[in-house]
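These notes concern the structure reproduced below.
Readers should treat all values here as calculations from the given coordinates under stated rules, not as data from a laboratory. Fair warning: this is a prediction, and the values are worked out from it, not measured in the lab. Neighbour counts run over all protein chains shown; Cβ positions are idealised from the backbone, glycine included.
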Ligand SMILES: [Mg+2]
């Protein structure tokens with residue numbers, strides 16, 4: 001089949017605040033083909049910057065908009081998909097944002113190819129021999145504004161049937177007394193059995209000694225990992241922290257914009273859990289390659305997903321067949337835009353696990369009414385001329 005149309009959509013809530021909540025806006029790509037099949041994907045990256053990567057006028061032979069390589073591309077096999085991807089990214093490589101922006105197209109290409117070949121994406125990635133496995137979702141949200149709020153949130157997670165939960169950002173930072181109060185409240189609310197993960201939200205910058213002290217403060221709370229205690233580019237800090245053997249496993253990597261960056265976290269930074277966002281690193285293809293990097297270096301792979309269930313499905317296909325990676329980030333408390341973006345969200349089963357459906361492609365269907373409701377029309381005028389921005393109708 002041939003890709004005949006690229007559409008890029010900027011969706012936004014009416015108000016976007018400074019809160020660390022990535023569901024307030026989003027960037028979608030829809031690819032249509034001559035067969036009538038269409039594929040969808042979502043990037044976790046600034047929507048307008050991402051849109052520019054698809055449509056901005058070329059600057060020279062190595063900065064060519066992504067849409068050029070997609071329209072007219074043949075897509076009948078996994079080899080075709082890798083070729084299209086390579087051509088698009090290679091010609092746009094002078095722009096760092098391109099991996100983030102292309103993530104949505106890569107996910108849409110896998111969705112399309114799965115539908116074309118009538119198999120789920122995970123089968124195209126890992127072969128027909130390995131069955132998909134249910135995973136344990138952890139309810140992922142921000143800390144409350146006060147320890148009492150955090151305790152109430154944690155109590156609610158347990159009551160909702162989650163067997164694991166993560167809290168992060170917000171009040172967690174350099175003040176160790178406040179950190180301990182929130183982490184203790186989270187543990188009290190979850191009870192002793194539910195797994196607790198904590199996202200430190202870059203609390204200690206580049207300072208590995210402070211980060212180590214932070215892990216020691218939490219040592220009695222049975223915390224399953226401490227996430228991003230340092231900044232994403234503090235690779236030496238992560239290595240120093242790993243060499244001091246903290247009592248709590250360290251997780252990082254969600255910022256990875258390429259497989260090479262992901263490799264940096266495990267090979268040079270020594271993190272125990274490599275967290276990869278398929279909507280940032282360059283799509284399902286790059287996330288799957290990062291999973292292999294984790295496996296070669298004795299790290300566990302886990303998704304980072306703070307978007308809709310279109311992104312969650314894409315994230316799960318990457319590692320659902322791998323028995324060694326059993327945890328899934330599962331965002332709760334997202335915006336209505338994010339919560340309603342697909343008709344058929346991936347809800348936990350009675351035993352608390354989540355699974356993909358055995359359907360062709362990604363196995364989720366975009367709700368066009370939601371896309372229309374939050375669609376923010378974009379027009380770019382350069383020297384008096386309105387730029388071509390692809391198909392606009394939903
Ligand atoms: Mg995080």
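Things worth noting here:
- For the chain, the longest principal axis of the Cα atoms and the long axis of helix 309-319 meet at an angle of about 80 degrees.
- When region 62-176 is reduced to its Cα atoms, the Kirkwood hydrodynamic radius in Å: 18.0
- Given their separation in residues at 0.36 nm each and the Cα-Cα distance between them, residue 357 and residue 267 gain 29.0 nm when the chain is fully extended.
- The eigenvalues of the Cα gyration tensor, multiplied by 5 and square-rooted, give region 1-136 an equivalent ellipsoid with semi-axes of 25, 21, 14 Å from largest to smallest.
- MRE, 222 nm, helices only [DSSP H, n ≥ 4, -39500 (n - 2.57), over the chain, to nearest 500]: -10500 deg cm²/dmol
- Helix 176-190 axis versus longest C-alpha principal axis of the chain: approximately 80°, rounded to the nearest ten.
- Cβ crowding within 10 Å averaged over residues, with 37-47, 182-192 ranked highest first: 37-47, 182-192
- Reported to the nearest whole Å, the Cα centre-to-centre distance from region 32-71 to region 222-294 is 28.
- Region 105-167 - convex hull of alpha carbons, volume per residue in Å³: 119
- For region 95-133 versus region 333-394, the gap between their alpha-carbon centres in whole angstrom: 16
- 0 to 90° range, to nearest 10: angle between helix 147-159 axis and the chain longest Cα axis: 70
- With coordinates expressed along the principal axes, the C-alpha atoms belonging to region 132-239 extend over 39, 39, 22 Å, beginning with the largest.
- Most to least packed among 11-21, 382-392 [average Cβ atoms within 10 Å]: 11-21, 382-392
- Build a GNM of the chain with springs between Cα atoms under 10 Å apart, and of 378, 78, 267 the one that fluctuates most is 378.
- Note on region 298-394: Cα-only Rg and Dmax are 17.4, 59 Å.
- Semi-axis lengths, largest first, of the ellipsoid equivalent to the chain are 35, 22, 21 Å, with √(5λ) applied to each eigenvalue of the Cα gyration tensor.
- As a proxy for reagent exposure, ranking 216, 1 by other Cβ atoms within 10 Å from fewest up yields 216, 1.
- Applying the Kirkwood pairwise sum to the alpha-carbon positions of region 239-315 produces a hydrodynamic radius of 12.3 angstrom.
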